[in-house]
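Participant: Sending over a structure as structure tokens; questions will come in a sec.
The values are calculated or read from the model by the stated rules, or taken from the named source; none is laboratory data. From a predicted model like this one, the values you see are computed outputs, not experimental measurements. Glycine gets a Cβ as well: all are built from the backbone with ideal geometry, and neighbour counts include every protein chain shown. Ligands, DNA and RNA are excluded from the accessible area calculation, which covers all protein heavy atoms including side chains. Shrake-Rupley method; radii C 1.70, N 1.55, O 1.52, S 1.80 Å.
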Amino acid sequence: MTFNWFSLAAAVVNLLILYWILQRYLFGPLLKTIKDQQEQWLQKEKELQQKELEIASREEQLEHERQELEYEVRTYYEQAMKEIEAFKENEQADARKKAETVYQQIVNAARTEADHIKKEALQQIDDTIKDVVTKVYKAFFQGLSNNGDFVVLLLEGRIDEIKPLLGQGRSYIFTSSHPLDDKQKARVEHVLQEKAGVGVSSFEVDEELVLGFQLSWKAEMIEYSLAQQIREYVKIEEAEGIGS
């Protein structure tokens with residue numbers, strides 16, 4: 001059997017022709033398509049990376065803006081709270097000042113009227129003054145809806161004078177000329193505890209005080225009332241009358 005070189009050469013040529021055809025019309029376009037697709041994927045990956053960087057930058061910017069907004073809100077809130085506290089303090093100070101003024105006006109009016117009556121009948125001055133005080137009291141307080149607030153404001157205005165007279169740690173009976181509601185009682189307890197270091201054992205009402213309050217512990221008693229002002233005035237006037 002002899003080897004056929006012609007057949008081998010023809011087979012090699014056919015293979016080369018087939019390779020060229022495949023390379024040109026199949027593998028070439030396919031490789032080009034794959035290469036183009038890879039380039040597109042790389043481009044998209046770069047774009048995605050760029051988007052991620054932009055998103056991260058935007059998130060950082062948003063976080064910074066959020067922190068700035070929180071700081072501004074907190075600043076405005078703190079400023080508003082300061083203004084509210086200042087307003088409340090001013091309102092309370094004005095209310096106490098007005099209450100003290102009205103209280104002093106009542107006392108002055110009662111003393112003036114009592115002095116006039118004393119000239120007519122010194123022996124009946126005590127009963128007469130009580131009637132006059134009632135008239136003056138009604139004239140000044142006819143429009144007020146809650147005299148309990150006046151009693152509390154009077155306590156707040158006099159607490160610095162009362163404090164040295166109170167015993168630390170004691171619990172006093174608080175007697176007022178008018179009934180106090182729960183809120184007013186809480187204010188009384190707060191003022192006495194914070195300003196003078198004393199408590200309240202009970203709350204009572206005594207209309208004979210006319211307008212004001214008493215603090216009592218055993219035999220000890222401190223009073224700030226319109227009735228007390230009148231009693232002191234009567235004692236002075238009677239003493240002057242006796243002396244004259």
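Participant: Can you pick out the pairs among 97/195; 98/218; 163/218; 88/163 whose Cα atoms lie more than 22 Å from each other?
Facilitator: Beyond 22 Å between Cα atoms: 98/218; 88/163.
Participant: So how much slack lies between residue 40 and residue 59, counting 0.36 nm per residue of separation and subtracting their Cα-Cα distance, in nm?
Facilitator: Contour length minus Cα-Cα distance gives 4.1 nm.
Participant: How big is the convex hull of the Cα atoms of segment 157-197, per residue, in Å³?
Facilitator: It comes to 81 Å³ per residue, whole-number rounded.
Participant: Could you tally the net charge around residue 38, taking each other residue with its Cβ under 13 Å from the Cβ of residue 38, Lys/Arg +1 and Asp/Glu -1?
Facilitator: Local charge sum for residue 38: +1.
Participant: For 181, 160, give me the order by solvent-accessible area with a 1.4 Å probe, most accessible first, ignoring ligands, DNA and RNA.
Facilitator: Final ranking, largest accessible area leading: 160, 181.
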